[in-house]
Every structure is written in C-alpha cells, then in structure tokens.
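The values are calculated or read from the model by the stated rules, or taken from the named source; none is laboratory data. Predicted, not measured: the structure shown is a model, and the values here were computed from it. When we count neighbours, we look across all protein chains shown, and the Cβ atoms used for this are built from the backbone with ideal geometry, even at glycine. Protein only, heavy atoms only, side chains kept; ligands, DNA and RNA dropped before computing areas. Shrake-Rupley method; radii C 1.70, N 1.55, O 1.52, S 1.80 Å.
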Amino acid sequence: MAHTPAPQSLPVPSATPTRGGMLLDQYAIRDDAFRRSQGHRLSDFSSLPSPCFPPNSALTPGLVPDGLMTPPTERSTGEREYLSTEDEIRFMQSYTDAVAIWMDVMDKEKQFSRVLPYLALQSPMLLNALLSCGAKHLSLVEGRGEEKAHYYYDEATKALLKCLQNPDRNTAECATTAVILNVYEIMTEKPSQRMTHIAGARALIRECGWDATSPGISGSCFWVNIGMEVLSCLAFNWQTAWDPDQWGLDLEFTNWTPTPRTGGSVDGEKDALLRSTEGDEELWVHRILYILAKITNFHASIPRFQEASPHDEQARRQSRFNEWKRLKGLCDAWNSNCPRSMQPYGYCHTPSSTSLFPRVWLVKRPSTLARLFYHTAMCMLAQINPMEPRDSEDNRVSQLLHAHHTCGIIAHTNDPAIASGALRSLAVAGAVLTDRREQMEVLEIMEKRSKETGWRLGRVVAELKTKWGWESGSAAASRALSAAAGTSSGPTLPSFLSPLIRPEEGQSPMSRTATSTPSTLKPTVNPLLANADFGKKNHPYQNWYEPPSRTAAASPQTLWSA
C-alpha cells in the first residue's frame, strides 16, 4: 500500500549554503497548503494514479492574498477540464507563447508548448509551475505582478517537496516539475532567488535515468536542463558537471570525414539532396551543443601555471594542441555534414542601412540556434589555440569572421525563441569586435532584446565596455556588485547569459603568488551541480527527499514517453 505523508506540519530545516553559494529557501509546509491539491492523478502518464497525494480526497478551494485563487478542480479526482480564470489563461498563454518556445527549440515534438500544458491539467503541482513561468515573464515585460509569479512558484515548490517524501511518488512528475521551476529561477532577477532547483532537477533527471536517448517529455527535460548548464558554464568558465561523453548522444557524426558541398559527381549531388531533406534539425542542434560543451570544458581547463620543466610544458601544450585539433575537426565535420537546412538560406555581405553586419538568414528556428552555437564554438577555438596567441593574424581573422556571422544572424532575426542562445553568443562575439560602430550596434541589439524579453542587460553591457576599453574594470565591478546586491533599478540578466571575459590560451599564464599552486588553480566543475546526485552526502532536497520505492524506481523510463 502506498505510503502517504500524514497531514501534519513539517519541520522547517535551516537553510544550508551549497558550493555555489546559493541558499535553498525555507518552506513551512502547512496543512492547508495542500488542501486544494489533494487527489490528483496522472492516468495519462502511467498506468497508475499519481501517488503524491491520496486519491479521491476532498478538494476545498481557497483564496490567497491579492485575490488570487489556487487552480480549482472540476473532478473529484483532482483533474481539471480547463483553465477557468482570467489570470490562469493569461499566464498560461504567456508561458506557451514566450517561455515554452525557447524551451522547445531543441525538441522536434515541441513537448513543452504542445503537450505539457494538457498534462498539467491533471497535476496541480505541475500546473502551478507552468503558471509561475508565464506570470514571471509578464512581470519582467510589464514591470508588475511579481507577487503572483512568486505565489505560483511557492505553491509548486511546496507541493514538490511534500511529494518527495512519498517513496511511491510519480518520479517523472517530480522531475518535470523541478525542471520547470528551475526555468522560473533562470528568469528571476535576484541572485538570492536563483538556482534553488537546478541541482534538484538534475538529481531527479538522473534518478529517472533520462538522457539523450530518452523519448518524449523525458528527453525534452534532459535537453533543457543540459542546455541551461552549458550556457551557464560558458558564462562562468566552468566545466560541465555532466560529461558530454556520458549524455548518451549518438556520436556517429564525430567519425565523419568533412564532405565538400560544392562540385562533385551526380551521386554527390544526390547525397547532398538527401542531407537537405533529412529534416532532423533538432538532432543536429544536439550535436553542435555537444561540441560547444566539449569546447567549453576545454576552455575551462586552460592551465593557469607553467610546468617547472620546459620539456614537460612543451609536452602538455602539444597534448592540448592535439585535443584542440580534434575539437576543430568536430566543428568542421558538423558544418560539412549537417543537412542543407542548417546552412544559411540567404547571405548578403554588404552592410545595409539598418546594420553593419552581413544579413544571414536561416529559415528554420533550430537551424538558427545551431548556427549560432557553431559560430560561437569557432570563435572560441580561435581564442584558445595552445600553439598560437589569440591575437595572431589567422586567429584574429577567424574570430572576426565568426563574430560578424553571429552578429549578422542576430541583427536580422526577431525570433524570441532563440533569445537565450542568441544573447549568449552575442556576448562572446561582441567581446572580439574592435570597430566602434560595430560595438555600438551590438549595444543597440542588446537594448532591443532587453525591451522584448524584459531582461536587463546592464551587467553584460558594462563588461563588454570594459573589454572594449570604454570604462575601467572598477566601474564595471561596482555596477556588477550593485546588481548582485539587488540595488539596481530593474532585473539583471539571468546568470547563465553573463558574458565570457576570461584569460585565454595563447596568452601569458597568470602570475603566480605565494599561495597560487596547481592544486588551487585546477578547473572548476560547475559548483551548482557538484552535488546533484541523491547518492551524495550533500544532495538536493536534504530534509524532504526519501528514496523512491522499488516500484517507483523501476517505472520512470516508461513514464511520459508517449
């Protein structure tokens, strides 16, 4: 018989700082916090009712501050027929139109916008999580309504924490809810409110056994979680906590020999046509994200000291150069063998009246994101060649070429679905520009995107200006500290979009001090996910998590896969 937590108030544990310096919010679980959520089931997700709450319990709607009503139900089972309030409809529309579209950009089936909202009608916990994201986006754009977003987030979090105490819970439902709550936190401007679910989502994904091979919503959750981590590591010069070679991705393409796209025989033209009609753009986005993650890890492992022996130093540099060439080969193979739809459909190099950058147009949304990742990867490789300084003639030409293509794609694209990847790529590309007019246009693009998304890009702008020599590093640092303290006038850019301003390979190593030793300068693995495994001592959800029962642990692979 499934164990159900007794209806009693739960103790509030003390918040414990994680290695990433974040705090897990304290949640007092009250009896009435769940009285409106009792009895929901997930019959469409599995053959068993959801064990998070006892079935067929009485449901009592209630009001909360500001006149907001917890989503009511119209069935005794806890399922809902439809959304029934103006706020619910508005927030869900905001979620599907402005949030789910970028979550779905790597998902062929568009699970987050087309499937998850319907499944959420059967899960009050998941529904609250989706509504929190929609309300959050509106609060960023409109500058009001933050309290409603936080209310839905708080309700979903409390429900998740209580559900995690039940060994017979629906683990897929919990993992999906945690991923959505992490997306909410990514959009949250205050550092103290960020990243409380990122480790939990990752730990639950691992517990469910989801990876690149998982179908349906399971796979969608994996790719959103991995994508956010790669962008975060790219921003902070961290290595990914989940080794890309362990994602389970089909790596057949890594052994391909680059194939020329022009000229050749009739058979070669037929092969090119087959590539152009494959239509699996999302798979190729996954592949270039894998390559970008590998390059991000390589960048984060740049030695910060020289070996004592010149021979050892030369051997290490040669070893890293061999790895650099392998990564460059992966980029070339991806670019040469990807479907025709992943290449620009239109390209005009001549600057126009609206932009100094070339007009680069890709028809499909996944293709646009993939091309941005490709140019970002190539721009980074030109900065970290172990055998050549980044300011050598060849490296400067390569950096500017890929930076101009990146800026050209973004300058002529108004698709909000690629905003997260576009801004990350724009920060990398913008840092290598030297022409004052081009730098000004990058700032104009960022200002435009800020108005569209609600994100405040002040910190990114300040760091780019410092990189360009427009203002001192102390001024930028002061502005960043002010934003981190929550004293800025508006929301700051989500942390995973911060620009990459780090020492590069090919430059002189950092000066060593008396305390600077190789052991203290080793690469940093993403500290936010260092303990994202329930098998570790300091795992997420410390005071709520109970291991799933044998039955629950055996079923996640089949849940939500349709």
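Annotations
- Sorting 537-545, 311-319, 216-224, 170-178 by their mean Cβ neighbour count within 10 Å, with the most densely packed peptide first, gives 170-178, 216-224, 537-545, 311-319.
- Net dipole in debye of segment 275-397 [+1 Lys, Arg Cβ; -1 Asp, Glu Cβ; about Cα centre; nearest 20]: 260
- Global form of segment 196-248, assessed from the alpha-carbon gyration tensor, a/c cut-off 1.5: prolate
- Under 5 Å from the amide H of E471 lie the amide H atoms of T466, each residue being 5 or more positions distant or on a separate chain, with H modelled from the backbone and absent for Pro and chain starts.
- ³J(HN,Hα) computed for each position of segment 210-222 - Karplus, 6.51 cos²θ - 1.76 cosθ + 1.60, integer Hz, glycine/proline x: 7, 7, 5, 8, 6, x, x, 5, 4, x, 4, 4, 4
- Gap separating the Cα centres of segment 350-385 and segment 199-223, nearest whole Å: 30
- In order through segment 357-369: 3J(HN,Hα) via Karplus (6.51 cos²θ - 1.76 cosθ + 1.60), integer Hz, x for Gly, Pro: 8, x, 7, 10, 10, 10, 6, 9, 4, x, 5, 5, 5
- Ranked from largest, the principal axis spans of the Cα set of segment 290-337 equal 42, 17, 8 Å.
- Of the peptides 156-166, 325-335, the order by per-residue mean of other Cβ atoms within 10 Å, starting with the highest, comes out as 156-166, 325-335.
- Residues whose amide H lies under 5 Å from that of G209, counting only those 5 or more places away or on a different chain, are absent; hydrogens are built 1.01 Å from N in the peptide plane.
- Remark on Q239: its backbone amide H falls under 5 Å from those of T524, V525, N526, a criterion applied only to residues 5 or more positions apart or on other chains, H modelled at 1.01 Å from N.
- Debye log10 I(q)/I(0) at q = 0.10, 0.14, 0.23 Å⁻¹ for segment 112-238, Cα point scatterers: -0.30, -0.60, -1.49
- Peptides 349-355, 395-401, 422-428, ordered by how many other C-beta atoms sit within 10 Å of their residues on average, highest first, read 422-428, 395-401, 349-355.
- Per residue, the accessible area of segment 281-375 comes to 41 Å², computed with a 1.4 Å probe over protein heavy atoms only.
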